[in-house]
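Structure, as structure tokens:
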Amino acid sequence: MDDVDPSGDGTAGRRTVSLDDGPPLERIESVFAVYETRREDGQLVYYGDPLIAPEPLMRELWPVFREDGYDVELTRRHGEYVLVAEPRSIGIDGIPWTNVLLLLATVVSTLFAGSMWYHIDPFADPLAMVEAWPFMVAILGVLGVHEMGHYVLSRYHGVDASLPYFIPVPTLIGTMGAVIKMKGRMPDRKALFDIGVAGPLAGLVATVVITIVGLHLPPVTAPEDVVADPNAIQIELGYPLLLEGLAAAFDQPLYRDDPAMAVNPVVIGGWVGMFVTFLNLIPVGQLDGGHILRAMAGQLQETIAALVPGALFGLAAYLYYVSGHSGNSVFIWVFWGIFTAVLASVGPARPMQDERLGAGRFLLGVVTFVLGALCFMPVPIAIVQ
């Protein structure tokens with residue numbers, strides 16, 4: 001147990017502990033003069049004085065600690081600089097109950113949302129929601145494959161990442177998507193690029209497959225009383241170029257002008273995959289597009305990211321004032337304008353080794369952004385009364 005510090009400033013009554021399982025002190029003290037070491041809850045803690053600026057210091061020490069199986073961060077405690085090294089862990093420790101419970105809740109919420117697309121009343125017969133299982137599989141499929149793309153490449157590059165956390169919310173699709181949590185620093189631009197690009201590309205493959213399957217499934221017919229009700233609220237989806245192209249390639253209708261017919265809800269799952277792909281490829285902050293562009297363009301990414309919120313606000317203004325779309329149709333771009341402004345202010349992930357990408361990865365990044373552009377739709381959702 002450490003001695004008590006009666007002064008409260010962290011300087012009195014100290015005891016240095018030998019840290020045999022960490023890197024040798026001589027490898028640390030070339031850039032960080034250590035005057036105390038501690039072991040706290042499995043962490044190695046080094047108090048000392050930086051001999052160089054924090055960023056170059058971390059670039060020097062990060063690979064040193066990584067070789068010994070630790071992730072290290074430079075922080076301050078009571079006005080003193082401290083290196084905190086935590087054992088690296090990239091495996092799954094036990095049953096991830098939180099992930100499992102959120103997944104099960106999202107299964108229920110997407111079945112509930114899907115029943116609406118199939119014109120099933122889940123309140124009259126809750127068990128009838130099960131008939132919406134194709135919609136549920138389509139939604140969870142595109143989102144799950146997207147996040148698992150990130151997870152697999154995180155494991156490949158030795159970056160600690162969680163399994164996907166699905167977010168059940170009673171929306172039109174029953175979820176707000178899925179996320180994974182990553183700990184530690186990005187080793188280099190290659191890792192940042194690979195982890196960033198894997199999600200959109202994997203998710204887009206699943207999206208195309210699900211969309212093609214959905215286009216070949218029978219359409220959904222609305223009940224006559226719904227079609228005849230003048231007060232019924234209609235939801236109109238915009239279709240991106242990618243979905244339009246797939247429908248044309250397979251000669252399948254999208255039933256735009258038929259109020260009584262709609263595409264099979266599995267196609268809605270593909271639509272969600274495309275919309276999620278576009279949003280994630282917006283090149284700001286911690287979004288996939290921000291990771292990819294940071295790896296491709298370096299610090300220029302932050303300049304580009306600063307322009308994105310204004311572009312989204314401009315799009316919303318154009319659609320509302322020039323094209324005459326309703327406020328509910330364009331609000332989504334106002335929301336994303338605010339959201340991306342926050343993300344841009346936080347900034348992107350910064351790799352420890354900042355060497356340029358090779359030509360192959362750079363070209364793949366360009367192709368990924370082009371595919372993302374094919375998933376764009378000016379008015380994704382419009383509510384018509």
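The values are calculated or read from the model by the stated rules, or taken from the named source; none is laboratory data. These figures come from a predicted structure and were not determined experimentally. Cβ coordinates were reconstructed from backbone atoms using ideal geometry, including for glycine residues, and neighbour counts include every protein chain displayed. We work out accessible area using only protein heavy atoms, side chains counted, and drop any ligands, DNA or RNA first. Shrake-Rupley method; radii C 1.70, N 1.55, O 1.52, S 1.80 Å.
A compact table of results
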| quantity | calculated |
| --- | --- |
| Principal-axis tilt of helix 359-374 within the chain, Cα atoms, nearest 10 degrees | 40 degrees |
| Bins of 10 Å from zero: percent of alpha-carbon pairs in the chain | 5, 19, 26, 22, 14, 9, 5, 1, 0 |
| Average accessible surface area per residue within the chain, 1.4 Å rolling probe, Å² | 50 Å² |
| Largest to smallest accessible area among 236, 244 [probe 1.4 Å] | 236, 244 |
| With DNA, RNA and ligands ignored, accessible area of residue 194 (1.4 Å probe; Å², nearest 10) | 20 Å² |
| Separation between Cα centres of segment 201-277 and segment 299-358, rounded to whole Å | 27 Å |
| Karplus 3J(HN,Hα) series, Hz, for segment 239-254 with 6.51 cos²θ - 1.76 cosθ + 1.60 (x for Gly, Pro) | 10, x, 4, 5, 5, 4, x, 5, 4, 5, 5, 9, 6, 10, x, 10 |
| Percent accessible area from carbon and sulfur atoms, the chain, protein chains only, probe 1.4 Å | 63 percent |
| Probe 1.4 Å, all protein chains present, accessible-area order of 368, 98, largest first | 98, 368 |
| Order of exposure, largest accessible area first, which applies to 90, 268 with probe 1.4 Å | 90, 268 |
| Globularity ratio of segment 25-87, using Cα Rg and 2.2 N^0.38 Å | 0.99 |
| Ordering of 61-68, 279-286 by packing [mean C-beta count within 10 Å, highest first] | 279-286, 61-68 |
| Amide H within-cut-off set for residue 261, under 5 Å, with H built and near neighbours excluded | 222 |
| Nearest-10 value in Å² for the accessible area of residue 60, using the 1.4 Å probe | 110 Å² |
| Crossing angle, helix 54-67 versus the chain [Cα axis fit, 0-90 degrees, rounded to tens] | 90 degrees |
| Prolate/oblate/rounded label for segment 332-377 (Cα gyration tensor, a/c 1.5) | oblate |
| The chain: relative contact order in percent, alpha carbon pairs under 8 Å with at least 6 residues between | 14 percent |
| Stokes-Einstein diffusion coefficient of segment 145-291, Kirkwood radius over Cα pairs, 25 °C, 0.890 mPa s, in µm²/s | 143 µm²/s |
